[in-house]
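See below for the structure under consideration.
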Amino acid sequence: MTRAGIDQLLYLMDQSFDGNDEHSLLANMGSIQDEDWQWLPQRGGRSIFDLVRHIGECKYVYENHAFGDGSMRWTQPETVPTIEPNMARDDVLAWLRGGQLALRDSVAALNDDEELTRHRRANWGEKYETRWLITVMIQHDLYHGGEINHLRALSQDNDRWPSYGE
C-alpha cells in the first residue's frame, strides 16, 4: 500500500491554491483592491468576483460529486455554498478556503494510490479516474488565478512586465 501519488497530488493542490509564489490562486488574489473586485474591462463579461465565485463553487460541487453524496446541483442553487458581492473579503476567503479544505480532506482520506485510478462521478454525470478529477481542480486554480491576475492588472493599469519596458 503506497500513497506517493496521493501525497504528490496533495502537494500540487496546496501549491496551486496557496503556494508561496506568484502562480497560486491566493497569491494572485493578494493585490486585489476593493475597486478591482467588480471591475470589468471593455467588452468583458466576468469580474474577479465572478471568477472567485466560480472557482469556489466548483471546489464544493466537484468534491460533493466525486467523494460525497452528489446532492449539489447547479440547477438547484440553494444546494451549492456560494458568496455574494457585498460579502467581506475575509468571509469570501474563508468560504474559498472551506471549499479547498473539503476537497483536500477528501483526497487526503484516500487509502492508497490504487484509488487514484478508481472512477468517480463528475458533476455532469460521467465518471472519470480520481486522479483526472483532482488534476482538473489543480489546473482550475492555476488557470483562473492567471485570469484574476490579468483582470487585476488591467484594472490597476499595470499590465506589463517591467523588464520589457513600455
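The values are calculated or read from the model by the stated rules, or taken from the named source; none is laboratory data. The structure displayed is predicted, hence computed values, not measured ones. In this analysis, Cβ positions are derived from the backbone assuming ideal geometry, glycine residues included, and neighbour counts consider all displayed protein chains.
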Inset, instruction - Return a yes/no flag: does region 71-90 have any residue that is closer than 17 Å to His140 by Cα and in a helix (DSSP H, G or I). - result: no
Inset, instruction - Give just the number: which of (1) under 18 Å from the mean Cα position of the chain (by Cα); (2) surrounded by fewer than 17 Cβ atoms within 10 Å (Cβ to Cβ) does His119 not satisfy? - result: (1)
Inset, instruction - With the condition kept exactly as written, say whether any residue in region 70-82 is at negative phi, touching a Gly at 6+ places or on another chain (Cβ under 9 Å) and modelled with pLDDT of 95 or more. - result: yes
Inset, instruction - Specify the residue that is nearest to Trp124 (Cα to Cα); the eligible residues are those in region 17-69 that are of a type in the set (Ser, Thr, Tyr) and part of a loop (DSSP other than H, G, I, E, B). - result: Ser47
Inset, instruction - Determine if region 7-24 includes at least one residue that is polar (S, T, N, Q), under 16 Å from Ala153 (Cβ atoms) and surrounded by 12 or more Cβ atoms within 10 Å (Cβ to Cβ). - result: no
Inset, instruction - Might you check whether a residue that is in contact with a strand residue (DSSP E or B) (Cβ under 8 Å, 6 or more places away or on another chain), under 25 Å from His119 (Cα atoms) and surrounded by 12 or more Cβ atoms within 10 Å (Cβ to Cβ) occurs anywhere in region 88-99? - result: no
Inset, instruction - Just name the residue that is farthest from Ile148 (Cα to Cα) out of those in region 56-110 that are over 16 Å from the mean Cα position of the chain (by Cα) and aromatic (Phe, Trp, Tyr). - result: Phe67
Inset, instruction - Just give me the residues in region 128-150 being without any contact (Cβ under 8 Å) to a residue 12 or more places away in the chain and touching a Lys or Arg at 6+ places or on another chain (Cβ under 8 Å), in sequence order. - result: Tyr128
Inset, instruction - Take the residues in region 25-54 that are surrounded by fewer than 19 Cβ atoms within 10 Å (Cβ to Cβ) and within 22 Å of Val107 (Cβ to Cβ), then tell me which one is farthest from the chain's Cα centre (by Cα). - result: Ala27
